[in-house]
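Novice: Below are the structure tokens for one structure; questions will follow.
The values are calculated or read from the model by the stated rules, or taken from the named source; none is laboratory data. Quick caveat, the model's predicted, so the values are computed rather than measured. Positions of Cβ are backbone-derived with ideal geometry, glycine not excepted, and every protein chain shown enters the neighbour counts.
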């Protein structure tokens, strides 16, 4: 499903050139749950953003379902992104001016769904996330865990093929963190591909394998449970 | 999707009330200003466009040239023979024409009631056809075709008779003639250069003035003369015939009168010219002497349009500034929308839509403002503008266009700027918007706002100082406590008795009757001929304007002589063979000095005389004009105004006494009076008005600019909350913080000063070029305006800075 060949990302400022990613070649199959780990500044998030088509590589190829993303312009990438990809962020990134329902509904608006279909799908997801009773509340009125459940719901509502999660538990206490991880695992069991960046070795183990990055290089892959693939 | 945009926009507006208020209020003020100004401009541009075929309708005017080719006088009215001769010579060009002459201070008597009418015009029959006058009563074809007919406007008919059903009734004119009412017409439109009250038939004048007057008098330039050309003929066709026409007809007239043709060999068209102006252009483009009414000025239209544009720009800049300054708050939303697949176009459209929403709200508010301000604005500009927002299609469409224009102008930059956010950088870090490029752009915008505001303030100051200069300058004559009474033939004939009667009161110092008084235009002049040593007669090459008056003129106005003597009853020949001229005239004659002028002989019009005195130069006309050569002639028969020099003590009693005497002399003529200083002030109404307009709009500009600055300062303080907290923990005092936050803005205002000064200086120096007597621009004004702007800005900014500075640092640090 996802294949990268010698991905490279350089950040160039006036004085220095920083290599954020160097020769990353990896492959992720449909239905896989992959964790990415590494110390701060090793390039985890950069990789995730490139895979999520929010950013483009400086060199190398990125094939998503066989299509070369690095040759697409922003408009094409945006179109591909909204159909196939959902995001979960560490800091939730819910829109303060929208209610829980409206936040989750937002991706469907960009997909151009009918109001009825939107209503059905949003309510469905909110039930799954067990947050339907809070549908009319604003993000500020929710706890951190509840906010992240809304954010996960928002990522899921467009029924993406893959979810990229950037430290989804980073702002949560352990109880809420566990809850989010159980949610992601159950989604994966239903067939959604998940790529997750995390600091926590414990949460990384929820994935089928863990990719370790150090200074922009892949330094190893742990396969937690080969049978899961 | 639209619903979602609207929801977000509205919730943002509600959440940030202060911000919304500043934005909407600023825009509404700007839009209201523009609506008012556009109403005014529209009205001014509409003048005289309602006549049928108005593009074929022209007015003829006449100018006179000095020997050097300079125009010495340009009158809006011409001599009576000109129109019939033109129509006779060029029947293929001129279709119709009409002459009209104004009669002022006419006594109209119905039964035992007398009305004074200032707007009686004797008009040829074709006048009503040419101007498309709409008759309510009477026959348009014939109403003015017979002698002694009168046509009243509806308003006058209502005033005099209380009804319009008055055909066939008679009105007595000045106790001389009985005139029959043959028509009642609609009032002339307000937007007409020519607003008549009563029209009399032209033929009534023939017995009064004599038939030959209309054929041969080329010197009585009192006739408003309009022509309508045949369809589709350009005015230039007639215009280019004028020189040959004048040469032919003036030569013929001179021969017929047995006068010699100009011995200097100048052709008639080299000493006077005819001009043709489209009637629709008169209101904004004609500023001649003897205009039928005070006209507007196209310069003011441009000026107003520019001011309207700038005020709107300032309001739009507020919007842009606040929207981009607030961008940090919207950044996450924009990032998420992009992550979810929104393109840059989607986001830009969303923000343009928000701008449209805010502009629409502002426009609705501005409608309320305009409704509230219109009566006041009307009294300010002296018009009766009305506005029907929803029934007048022009206004409705105009308003919608204005909304779209403002929404685009104000919203395009924020939309462009915000939609360019990279979702990544927003969502990962806490983006510090307001740094780098945008902050620079915002600074430029603030500088622009204050440049405009300061320039307007300076203009206001310069205009005000020039007006003060007009009002306080020593004019060389006494203008305080001089009472002016209208004269008439009857009173002029008994002027000495009337004057003696007034002099009985101890508060009356002196009384004089005259044709012209200081503040009048010097329109009259006759030809000058000097006989040189060899006995040859030489015509002078300059215009010597004449002021005719009685014995006591110099005393009444406190005029001074610099050589010779004044007119005196001890010299009976003074009223037939003596001249007094002013110093400028002495120079124009080329005489060595004022003393040398005494005893010089020349012929002025029909009068042969000797110079007996030289009057000190003084400003007879308004200070727009230089002092012209003037000759003062004693002529007791030419009295049109009485000037009464009074002590000013117990004014009511003096006025009662004068009214009493007035009544005993003229009976039914109502007692009206003005004061000379008031007449003099009225000469500068245009400048006073201009000063007020600058004042009004500069204050508005400053208010709107400060609204923006206030908002911007609030956001600057908010963005630096953490920095302020840390600085305070490190020991910064409140004063330090206020200084830190305020200094940046003050720098911008200082820069705006540097930009505004040369612009204002240039514009005002050109404006002052209009006046023969002008102030030199005072640098203190520039410093003052700059300082005022700085002070206002400081006050605006420091409030926000102070609020930020007194906040508890612990709170602000925990906040991040």
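Novice: Could you figure out which of (1) at pLDDT 80 or above; (2) within 14 Å of another protein chain (Cβ to nearest Cβ); (3) surrounded by fewer than 18 Cβ atoms within 10 Å (Cβ to Cβ) isn't true of residue B:368?
Specialist: Just one mismatch for residue B:368, condition (2).
Novice: Residues that are buried (at least 20 other Cβ atoms within 10 Å of the Cβ), within 14 Å of another protein chain (Cβ to nearest Cβ) and modelled with pLDDT of 80 or more: does region A:28-43 have at least one?
Specialist: The answer is yes, given that some residue of region A:28-43 is buried (at least 20 other Cβ atoms within 10 Å of the Cβ), within 14 Å of another protein chain (Cβ to nearest Cβ) and modelled with pLDDT of 80 or more.
Novice: Go through B:348, B:362 for me and flag whichever is away from chain A (no Cβ under 14 Å), buried (at least 16 other Cβ atoms within 10 Å of the Cβ) and in a helix (DSSP H, G or I).
Specialist: Only one candidate qualifies: B:362.
Novice: Something else about it: Can you tell me how many residues in region A:128-140 are away from chain B (no Cβ under 14 Å), part of a helix (DSSP H, G or I) and at pLDDT below 90?
Specialist: 1
Novice: Determine, yes or no, whether residue A:160 is touching a residue at least 60 places away in the same chain (Cβ under 8 Å), surrounded by 21 or more Cβ atoms within 10 Å (Cβ to Cβ), part of a loop (DSSP other than H, G, I, E, B) and within 15 Å of the chain's Cα centre (by Cα).
Specialist: No; evaluated as a whole, the condition is false for this residue.
Novice: Would a scan of region B:41-55 turn up a residue that is in contact with a strand residue (DSSP E or B) (Cβ under 7 Å, 6 or more places away or on another chain) and either within 14 Å of another protein chain (Cβ to nearest Cβ) or buried (at least 21 other Cβ atoms within 10 Å of the Cβ) (or both)?
Specialist: Looking through region B:41-55, none of the residues is in contact with a strand residue (DSSP E or B) (Cβ under 7 Å, 6 or more places away or on another chain) and either within 14 Å of another protein chain (Cβ to nearest Cβ) or buried (at least 21 other Cβ atoms within 10 Å of the Cβ) (or both).
Novice: Still on this structure, I have one more. Filter region A:170-211 down to residues that are within 20 Å of residue A:39 (Cβ to Cβ) and without any contact (Cβ under 8 Å) to a residue 60 or more places away in the chain and give me whichever is surrounded by the most Cβ atoms within 10 Å (Cβ to Cβ).
Specialist: That would be A:177.
Novice: In region A:142-149, is there at least one residue being free of Cβ contacts under 8 Å to residues at least 12 places away in the same chain, surrounded by 14 or more Cβ atoms within 10 Å (Cβ to Cβ) and within 14 Å of another protein chain (Cβ to nearest Cβ)?
Specialist: no
Novice: May I pose another question? Which of the residues belonging to region A:81-108 are closer than 19 Å to residue A:193 by Cα, more than 8 Å from chain B (Cβ to nearest Cβ) and in a loop (DSSP other than H, G, I, E, B)?
Specialist: A:90
Novice: With respect to residue A:47, determine if the residue is within 13 Å of chain B (Cβ to nearest Cβ) and in contact (Cβ under 8 Å) with a residue 24 or more places away in the chain.
Specialist: Details: within 13 Å of chain B (Cβ to nearest Cβ): yes; in contact (Cβ under 8 Å) with a residue 24 or more places away in the chain: yes.
So residue A:47 fits the description; yes.
Novice: Does region A:141-154 include one or more residues that are within 19 Å of residue B:336 (Cα to Cα) and in contact with a strand residue (DSSP E or B) (Cβ under 6 Å, 6 or more places away or on another chain)?
Specialist: yes
Novice: From the list B:313, B:373, B:303, which one is closer than 30 Å to residue B:11 by Cα and either more than 14 Å from chain A (Cβ to nearest Cβ) or surrounded by fewer than 19 Cβ atoms within 10 Å (Cβ to Cβ) (or both)?
Specialist: That would be B:313, the only listed residue that is closer than 30 Å to residue B:11 by Cα and either more than 14 Å from chain A (Cβ to nearest Cβ) or surrounded by fewer than 19 Cβ atoms within 10 Å (Cβ to Cβ) (or both).
Novice: Now for a separate question. When region B:1-12 is examined, which residues are found to be more than 7 Å from chain A (Cβ to nearest Cβ) and farther than 19 Å from residue B:348 by Cβ?
Specialist: Answer for region B:1-12, where residues must be more than 7 Å from chain A (Cβ to nearest Cβ) and farther than 19 Å from residue B:348 by Cβ: just B:10.
Novice: Do the conditions hold for residue A:113, that is, is it on the phi < 0 side of the Ramachandran plot, without any contact (Cβ under 8 Å) to a residue 24 or more places away in the chain and facing chain B (nearest Cβ under 9 Å)?
Specialist: no
Novice: What number of residues in region B:711-750 are assigned to a helix (DSSP H, G or I) and more than 12 Å from residue B:325 (Cβ to Cβ)?
Specialist: 26
Novice: Within region B:321-345, count every residue that is part of a helix (DSSP H, G or I) and within 14 Å of another protein chain (Cβ to nearest Cβ).
Specialist: Residues in region B:321-345 being part of a helix (DSSP H, G or I) and within 14 Å of another protein chain (Cβ to nearest Cβ): 14 in total.
For every residue, the table says whether it meets (1) in contact with a strand residue (DSSP E or B) (Cβ under 7 Å, 6 or more places away or on another chain); (2) at pLDDT 95 or above; (3) assigned to a strand (DSSP E or B).
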| site | (1), (2), (3) |
| --- | --- |
| B:498 | no, no, no |
| B:502 | yes, no, no |
| B:505 | no, no, no |
| B:513 | yes, no, yes |
| B:530 | yes, no, yes |
| B:534 | no, no, no |
| B:541 | no, no, no |
| B:570 | no, no, no |
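Novice: Ok, one more. Tell me, yes or no, whether region B:397-404 has at least one residue that is surrounded by fewer than 23 Cβ atoms within 10 Å (Cβ to Cβ), at pLDDT below 85 and more than 14 Å from chain A (Cβ to nearest Cβ).
Specialist: No, every residue in region B:397-404 fails to be surrounded by fewer than 23 Cβ atoms within 10 Å (Cβ to Cβ), at pLDDT below 85 and more than 14 Å from chain A (Cβ to nearest Cβ).
Novice: Now a separate question. Restricting the search to region A:55-73, which residues are more than 14 Å from chain B (Cβ to nearest Cβ), crowded, with 18+ Cβ neighbours inside 10 Å, at negative phi and in contact (Cβ under 8 Å) with a residue 40 or more places away in the chain?
Specialist: Within region A:55-73, A:62, A:64 qualify.
Novice: Take the conditions away from chain A (no Cβ under 14 Å), over 21 Å from the mean Cα position of the chain (by Cα) and closer than 30 Å to residue B:317 by Cα and apply them to residue B:60. Does it pass?
Specialist: Spelling it out, it is not the case that residue B:60 is away from chain A (no Cβ under 14 Å), over 21 Å from the mean Cα position of the chain (by Cα) and closer than 30 Å to residue B:317 by Cα.
Novice: Looking at this structure, is residue B:37 buried (at least 19 other Cβ atoms within 10 Å of the Cβ) and modelled with pLDDT of 90 or more?
Specialist: no
Novice: Oh, and also: Among the helices (runs of 4 or more DSSP H) lying completely within region B:109-211, list those that include at least 3 residues that are closer than 16 Å to residue B:99 by Cα.
Specialist: Values: elements: B:126-130, B:154-161, B:205-209.
Counting at least 3 such residues, we get B:126-130, B:205-209.
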